[in-house]
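Structure record follows, encoded as structure tokens.
Please treat every number below as a calculation from the coordinates, not as lab data. These numbers were taken from a predicted model, which means no experiment stands behind them. Please note: Cβ atoms are built from the backbone with ideal geometry, for glycine as well, and neighbour counts cover all protein chains shown.
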DNA sequence: AGTTGCCCCTGCGCGC
DNA sequence: TGCGCGCAGGGGCAAC
């Protein structure tokens, strides 16, 4: 469950259900799900047993569970990963990759991932953050996110503004859905070069990204299907509030022009061709 | 150095 | 029915 709101929903579930519990056993059922743990799945399992889980943390789309002061279990859900709390004895999911049981004999933690783009690993903490993700920027819901610094960096990018939004070393947590939604709210075309943005436009875009993700989080995130659920298997409700993403051929909520879909970075970009004009058109319109 | 593309996977819905 | 194609909430890394 990819983007910031969905990952934060999972983090909260972990905080509630796993904090303070001690690991009894670890089953790594698919090596690919542990591939980022360089010492291998057996080492991952052996080093986790007997450890007590701390309070789950998150930066962007990464989350981690501290094991004391200087080590943590790092997780990324990729495109299809789930962290589920399941009663012991519940039938295994088809794509169950890792099972973690606890010494209290309570419900177990499962990592389920159809496409295995996600995974778990043990990482050293460096200033409280897993060493392998220090390149990930803070996300816009982080109180220490620096708005002015991001706005300046965005306006220095030659690349298209959507590509910049998806660059997790610039701003983290934004994925394909919320990038399109933020651009729609800010009335900006996804391919406008960062260098073409005025200061107000760049600020507007950051505000839009922050607002749309906060609103999505408030209703449990965006779920189109059972793949995107919280640790208890429940869906969020933000899909009904989407204005651009996935709405090709449907009327724009502002101007009723039909939303357009174009291929972009091996994915899709949805936008209103009237409200979100490309650079040249905007410049002409303003002059 | 910054930017761009390709690829890692599995499953589903579509048109033929 | 079956098969091939395109598409899916991500990101690391090689190649310009």
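In terms of the mean number of neighbouring beta-carbon atoms within 10 Å, the peptides A:48-59, A:5-16 order highest first as A:5-16, A:48-59.
Dividing the alpha-carbon radius of gyration of segment A:109-262 by the rule-of-thumb value 2.2 N^0.38 Å gives 1.13.
If R0 equals 22 Å, the separation of the Cβ atoms of residue A:142 and residue A:167 corresponds to a calculated FRET efficiency of about 0.85. Figure legend: label point modelled 7 angstrom from the Cα of residue A:262 along Cα→Cβ; residues of segment A:187-224 with amide N under 19 Å from it are A:187-198. Measure nothing fancy, just the Cα-based angle from helix A:176-186's long axis to the longest principal axis of chain A, in degrees from 0 to 90, nearest 10. Compared with the principal axis, the helix lies near 30 degrees.
Quick note on segment A:63-168: its Rg to Rh ratio, both from C-alpha atoms and Rh being the Kirkwood radius, is 1.08. Reducing segment A:127-184 and segment A:38-61 to their Cα centroids gives an inter-centroid distance of 26 Å. Here r is the Cβ-Cβ distance between residue A:124 and residue A:104 and R0 is 35 Å; the resulting FRET efficiency, rounded to 0.05, is 0.80. For chain A, list log₁₀ I(q)/I(0) at each q in 0.10, 0.15 Å⁻¹, using the Debye formula over Cα point scatterers of equal strength and ignoring solvent, two decimals each. Cα-only, vacuum Debye calculation for chain A: -0.56, -1.10.
Coordinate range of the alpha-carbon atoms in segment A:2-138 per principal axis, descending: 39, 30, 29 Å.
So what is the calculated 222 nm ellipticity per residue for chain A, using -39500 (n - 2.57) for each DSSP H run with n of 4 or more, over all residues, to the nearest 500 deg cm²/dmol?
-8000 deg cm²/dmol
Under 18 Å from the 7 Å Cα→Cβ point of residue A:254, by amide nitrogen: which residues of segment A:132-165? Once the point is set 7 Å along Cα→Cβ of residue A:254, A:161-162 turn out to lie under 18 Å by backbone N, inside segment A:132-165.
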